[in-house]
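Each remark here refers to the structure printed beneath this line.
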Amino acid sequence: MNNKIFLIGMMGAGKTTIGLELSKLKKVPFLDIDQIINASDYIVKNSIEDFRNREKSEIKKIHSDKKCIIVSIGGGAILSKENRMIIKQNYSIYLQASTKKLISRIKNQDSFRPLIQNEYNGDIDINLFKNLFHEREKFYNQLSNFTINTDKKCISEIVKIIHGQLIQDEIIY
C-alpha cells in the first residue's frame, strides 16, 4: 500500500465518513486532521491563520510517519504550497460534489463551520461558500490522482468505487 492516501475536497464532501469506511474495509488507520485539531473551536479561539499553521504542522507530522494511513484534510489545507507538495508525494482522492449538494449536506449536519457560519447551526453564507469552492477547486483537480463525484452516490457505493480504483492503481492489494 502507498504510504498515505489523502482525501481532499470541500467541507461537506464526505471525507471523514468515506475515510472511516475505507479504513474499516482495508484495516488501515484513519486520521482526520480537523478532528485532531478540533477545527471549529480552534478557529474561533485563535484565528484562521493559526489554524492553517497548526494544520500544516499536523500534515508534516503525518507525512514524516512511515505508517500506511488514510488521511482526511480540511477543505482549505490545499491552499498551502507545502501541503500541496506533501499531498503530491502521496496518493490523493478528490471527493467532488456540486455546491448545491455540499451546502445541503452542511445544512443537515449538527455543526459549526466558522468560515461560512456565524453561529452553531447558523445560516450558511452561500456566496462566501461558492467563493471558497471556486478558489479551491483548481487545486483539488491538480492534486487528485482520482476524482469521484459523490452527488448521487451512497457511502457504500463511493467506498466500493474508491477501493476498486486503489486496486487498479496498485495503491492497495
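Yes/no matrix, rows are residues, columns are (1) free of Cβ contacts under 8 Å to residues at least 60 places away in the same chain; (2) more than 24 Å from Ile103 (Cα to Cα):
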| residue | (1), (2) |
| --- | --- |
| Ile5 | no, yes |
| Asp41 | yes, no |
| Arg54 | yes, yes |
| Met85 | yes, yes |
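Only helices (runs of 4 or more DSSP H) whose full extent lies in region 39-104 are considered here, and the ones with at least 1 residues that are modelled with pLDDT under 95 and open to solvent by 50 Å² or more (accessible area, probe 1.4 Å) are 39-45, 48-64. Cβ-Cβ under 6 Å, sequence separation 6+ or interchain: first residue in region 12-26 and open to solvent by less than 40 Å² (accessible area, probe 1.4 Å), partner assigned to a helix (DSSP H, G or I). Which pairs? These pairs meet every condition: Gly12/Leu102; Gly12/Arg105; Gly12/Ile106; Ile18/Ile158; Leu22/Val159.
Among the residues of region 156-166, are any of a type in the set (Val, Ile, Thr), open to solvent by 40 Å² or more (accessible area, probe 1.4 Å), touching a helix residue (DSSP H, G or I) at 6+ places or on another chain (Cβ under 7 Å) and part of a helix (DSSP H, G or I)?
Taking region 156-166 as the starting set, the residues that turn out to be of a type in the set (Val, Ile, Thr) are 158-159, 161-162.
The next check asks that each one be open to solvent by 40 Å² or more (accessible area, probe 1.4 Å); those that pass are 161.
When the remaining residues are screened for being touching a helix residue (DSSP H, G or I) at 6+ places or on another chain (Cβ under 7 Å), the result is none.
Within region 156-166, not a single residue is of a type in the set (Val, Ile, Thr), open to solvent by 40 Å² or more (accessible area, probe 1.4 Å), touching a helix residue (DSSP H, G or I) at 6+ places or on another chain (Cβ under 7 Å) and part of a helix (DSSP H, G or I).
Would you check if there is a residue in region 128-149 being more than 18 Å from the chain's Cα centre (by Cα) and at pLDDT below 90? There is at least one residue in region 128-149 that is more than 18 Å from the chain's Cα centre (by Cα) and at pLDDT below 90. Does Asp34 count as in a helix (DSSP H, G or I) and open to solvent by less than 70 Å² (accessible area, probe 1.4 Å)? Taking the combined requirement at face value, the residue satisfies it.
The values are calculated or read from the model by the stated rules, or taken from the named source; none is laboratory data. Since we're looking at a predicted model, the values are computed, not measured. Here Cβ is always computed from backbone atoms with ideal geometry, including for glycine, and neighbour counts include all displayed protein chains. These accessible areas exclude ligands, DNA and RNA; they are computed on the full protein's heavy atoms, side chains included. Shrake-Rupley method; radii C 1.70, N 1.55, O 1.52, S 1.80 Å.
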